[in-house]
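Trainee: Structure below; questions to follow.
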Amino acid sequence: MSRSTAAALPFGLTDEQQTVAGMVREFADTEVAPHALGWDAEHFFPVDVIRKSAELGMGGIYVSEESGGTGMGRMDAALIFEAMSTGCPSVAAYISIHNMVAWMIDKFGNDEQKTTYLEKLVSMEHLGSYCLTEPNAGSDAAALRTSAREDGDHYVLNGVKQFISGAGTSDTYLVMARTGQDGARGISAFILEKGMEGLSFGPNEQKMGWRAQPTRQVIMENVRVPKENMLGAPGQGFKIAMSGLDGGRLNIGACSLGGGQAALEKAIAYMGERQAFGTELSGFQALRFEVAQMQADLEGARSLLWRAASAYDAGDPNTSLLSAMAKLKATDTGFDVANRALQLHGGYGYLTEYGIEKLVRDLRVHQILEGTNEIMRVIISRKSTGVG
């Protein structure tokens, strides 16, 4: 996990959790961080390294042990994704998405679907993508228009999914499509496989950040999907899609904290090396106070995230409220800390070689995905006031 003294305190963590977090941090330090700038510059998706992370159990973090996963909780996942993101938030965030797909198949799939898909997803021999967002249905996901028409023993899918991480490289696509009436009740979930006739992908989006993972449209033109590939019951797709959001919000918050922690560590190291007016930057009280505030902000957000993750694991009815709060606080804080770390580097922070500007670019999108932070405020206000 983090290297700073405050963040390393084992507050509420078991010995096993500390060990797992330490193992993932070591993996991030040795297998990810040294290559992150190159992957970003080359828009390279490091599938080999992602698959290697499966050796640590990262292909099925909260897939049940019966299905071949590690059966961990969301608190464990928060520790894992924070540690992994110190190496590269883009790579860690993709692994979070992959885990969402595997977990949904484990939770909602029948025995045949689990047997068919989970072994390869957990080992990361196959990678997964989650396909909900559409060009005209982002925050209002229930307005999606991808259609699934029943035809004998198949459904025929037509539509376009937007901003899909891993698209074109992934093997397994969890797609939400409309089988019935308008609104949430008319949506069903389907498992699609790369290579199905009529399934294609748009060009890789040219993004501000998250360049170490592909983001493409998933295009369905009369894709015939066997009925046995429906996940759950007809009309259950929106429920399935939403079931992953609390966990996804916790994970993306953890990724933000990991990126912010990495930026802070870089700033502290730089301040110990760089001199101004004959004195190391760390000798200036104003700059030390800035570091102190950044560390306090990260720790505050981390504590809220851990509380929300613990609530999730305990089945607390306030989980959705706490997850929205944690996502809002952690993603805002992670980006803010990275941005302030860039400022502490002066002009050097603007150069790619120092790695700070990459973290700023990567963390910016975390305030948008898994529900924008504006939507988090809507959720929080509704659940807090009962209005809206």
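Trainee: Give segment 268-279 a look and list any residue that's surrounded by 14 or more Cβ atoms within 10 Å (Cβ to Cβ) and either modelled with pLDDT of 95 or more or not in a loop (DSSP other than H, G, I, E, B) (or both), or say none. Spell out how you get there, then give the answer.
Mentor: Here is the first cut: in segment 268-279, the ones surrounded by 14 or more Cβ atoms within 10 Å (Cβ to Cβ) are 268, 270-271, 274.
Ile268, Tyr270, Met271 - these are the residues of segment 268-279 that are surrounded by 14 or more Cβ atoms within 10 Å (Cβ to Cβ) and either modelled with pLDDT of 95 or more or not in a loop (DSSP other than H, G, I, E, B) (or both).
Trainee: Where in segment 112-190 are there strands (runs of 3 or more DSSP E), lying wholly inside it, with at least 2 residues that are touching a helix residue (DSSP H, G or I) at 6+ places or on another chain (Cβ under 9 Å) and of a type in the set (Ser, Thr, Tyr)?
Mentor: On the way: elements: 128-131, 147-151, 154-165, 172-178.
Ranges flagged: 128-131, 154-165, 172-178.
Trainee: Given the conditions (1) open to solvent by 30 Å² or more (accessible area, probe 1.4 Å); (2) touching a residue at least 12 places away in the same chain (Cβ under 8 Å); (3) small (Gly, Ala, Ser), and given that Gly166 satisfies all but one, which numbered condition is not satisfied?
Mentor: (1) is the only condition that Gly166 fails.
Trainee: Now, a different point. Could you check segment 195-225 and list, in sequence order, the residues that are outside any strand (DSSP E or B), among the small types (Gly, Ala, Ser) and closer than 17 Å to Thr133 by Cα? Give the steps one after another, and end with the answer.
Mentor: The initial filter retains those residues of segment 195-225 that are outside any strand (DSSP E or B), namely 195-198, 202-214.
Right, trim to among the small types (Gly, Ala, Ser) and you get 195, 198, 202, 209, 212.
The one that is outside any strand (DSSP E or B), among the small types (Gly, Ala, Ser) and closer than 17 Å to Thr133 by Cα: Gly202.
Trainee: Next question. Of the conditions (1) open to solvent by less than 40 Å² (accessible area, probe 1.4 Å); (2) among the small types (Gly, Ala, Ser); (3) at positive phi, Ala137 satisfies every one except a single condition; which number is it?
Mentor: (3)
Trainee: Quick check on segment 51-68: of everything there that is touching a Phe, Trp or Tyr at 6+ places or on another chain (Cβ under 7 Å) and not hydroxyl-bearing (Ser, Thr, Tyr), which residue is surrounded by the most Cβ atoms within 10 Å (Cβ to Cβ)?
Mentor: First pass over segment 51-68, keeping only residues touching a Phe, Trp or Tyr at 6+ places or on another chain (Cβ under 7 Å): 53, 56, 62-63.
Applying the additional criterion that residues be not hydroxyl-bearing (Ser, Thr, Tyr) yields 56, 63.
Numbers: Leu56: 16, Val63: 25.
Looking at the filtered set, the residue picked out is Val63.
Trainee: Moving to a separate point now. Could you say which residue among Phe284, Phe335, Phe289 is among the hydrophobic types (A, V, I, L, M, F, W, C), closer than 30 Å to Met242 by Cβ and open to solvent by 10 Å² or more (accessible area, probe 1.4 Å)? Show your work before the answer.
Mentor: On the way: Phe284 fails: closer than 30 Å to Met242 by Cβ; Phe289 fails: closer than 30 Å to Met242 by Cβ.
When all the criteria are applied, what remains is Phe335.
Trainee: Kindly list, by first and then second residue, each pair from a residue in segment 78-102 that is assigned by the TED database to the domain that holds Ser256 to a residue that is open to solvent by 10 Å² or more (accessible area, probe 1.4 Å), limited to pairs with Cβ atoms under 6 Å and residues at least 6 apart or on different chains.
Mentor: Nothing qualifies.
Trainee: Hey, any hits in segment 236-257 for a residue that's on the phi > 0 side of the Ramachandran plot and modelled with pLDDT of 95 or more?
Mentor: Initial filter on segment 236-257 (on the phi > 0 side of the Ramachandran plot): none.
No, segment 236-257 contains no residue that is on the phi > 0 side of the Ramachandran plot and modelled with pLDDT of 95 or more.
Trainee: Any idea how many residues of segment 39-50 are under 15 Å from His98 (Cβ atoms) and open to solvent by 20 Å² or more (accessible area, probe 1.4 Å)?
Mentor: Of all residues in segment 39-50, those under 15 Å from His98 (Cβ atoms) come to 45-50.
From what is left, the residues that are open to solvent by 20 Å² or more (accessible area, probe 1.4 Å) are 45, 47-48.
Count: 3.
Trainee: Additional query: Could you go through segment 298-309 and let me know if any residue there is exposed (fewer than 13 other Cβ atoms within 10 Å of the Cβ), free of Cβ contacts under 8 Å to residues at least 24 places away in the same chain and more than 25 Å from Glu26 (Cβ to Cβ).
Mentor: Going through segment 298-309, the residues exposed (fewer than 13 other Cβ atoms within 10 Å of the Cβ) turn out to be none.
No, the conditions are met nowhere in segment 298-309.
Trainee: Right, another one. What is the one condition in (1) of a type outside the set (A, V, I, L, M, F, W, C); (2) at pLDDT 95 or above; (3) on the phi < 0 side of the Ramachandran plot that Gln17 does not satisfy?
Mentor: It is condition (2) that Gln17 fails.
Trainee: May I pose another question? Residue under question is Ala296, and the condition is that it be over 25 Å from Leu245 (Cβ atoms), of a type outside the set (S, T, N, Q), in a helix (DSSP H, G or I) and not assigned by the TED database to the domain that holds Glu134; does it hold? Don't jump to the end; show me each part of the working.
Mentor: Working: over 25 Å from Leu245 (Cβ atoms): yes; of a type outside the set (S, T, N, Q): yes; in a helix (DSSP H, G or I): yes; not assigned by the TED database to the domain that holds Glu134: yes.
So Ala296 fits the description; yes.
Trainee: What about Glu265, is it assigned by the TED database to the domain that holds Ala314, open to solvent by 10 Å² or more (accessible area, probe 1.4 Å) and of a type in the set (Asp, Glu)?
Mentor: Numbers: assigned by the TED database to the domain that holds Ala314: yes; open to solvent by 10 Å² or more (accessible area, probe 1.4 Å): yes; of a type in the set (Asp, Glu): yes.
Against the criterion (assigned by the TED database to the domain that holds Ala314, open to solvent by 10 Å² or more (accessible area, probe 1.4 Å) and of a type in the set (Asp, Glu)), Glu265 qualifies.
Trainee: For the condition under 20 Å from the mean Cα position of the chain (by Cα) and among the hydrophobic types (A, V, I, L, M, F, W, C), what is the one hit in Leu351, Leu322?
Mentor: Values: Leu351 fails: under 20 Å from the mean Cα position of the chain (by Cα).
Every option except Leu322 fails the conditions.
Trainee: For segment 205-218, what are the residues that are hydrophobic (A, V, I, L, M, F, W, C) and open to solvent by 40 Å² or more (accessible area, probe 1.4 Å)?
Mentor: Residues of segment 205-218 that are hydrophobic (A, V, I, L, M, F, W, C), as a first pass: 208, 210, 212, 218.
The answer is Met208, and nothing else.
Trainee: Quick one: what pairs do we get from segment 358-380, first residue over 17 Å from Leu250 (Cβ atoms), second acidic (Asp, Glu) and part of a helix (DSSP H, G or I), C-beta under 6 Å, 6+ apart or different chains?
Mentor: Within 6 Å, the pairs are Lys358/Asp40.
Trainee: Among the numbered conditions (1) open to solvent by less than 40 Å² (accessible area, probe 1.4 Å); (2) at pLDDT 95 or above, tell me where Ala143 comes up short.
Mentor: Only one criterion is unmet by Ala143, namely (2).
Trainee: Taking the stated definitions as given, is Tyr130 open to solvent by 10 Å² or more (accessible area, probe 1.4 Å), under 14 Å from the mean Cα position of the chain (by Cα) and aromatic (Phe, Trp, Tyr)? Quick ask: steps written out before the conclusion?
Mentor: Values: open to solvent by 10 Å² or more (accessible area, probe 1.4 Å): yes; under 14 Å from the mean Cα position of the chain (by Cα): yes; aromatic (Phe, Trp, Tyr): yes.
Considered against the rule, which asks whether it is open to solvent by 10 Å² or more (accessible area, probe 1.4 Å), under 14 Å from the mean Cα position of the chain (by Cα) and aromatic (Phe, Trp, Tyr), Tyr130 comes out as yes.
The values are calculated or read from the model by the stated rules, or taken from the named source; none is laboratory data. Values in this document were obtained by computation on a predicted structure and should not be read as measured data. Cβ: placed from backbone, ideal geometry, glycine included. Neighbour counts: every protein chain shown. When the accessible area is computed, the model is the full protein with side chains, heavy atoms only, and any ligands, DNA or RNA have been set aside. Shrake-Rupley method; radii C 1.70, N 1.55, O 1.52, S 1.80 Å.
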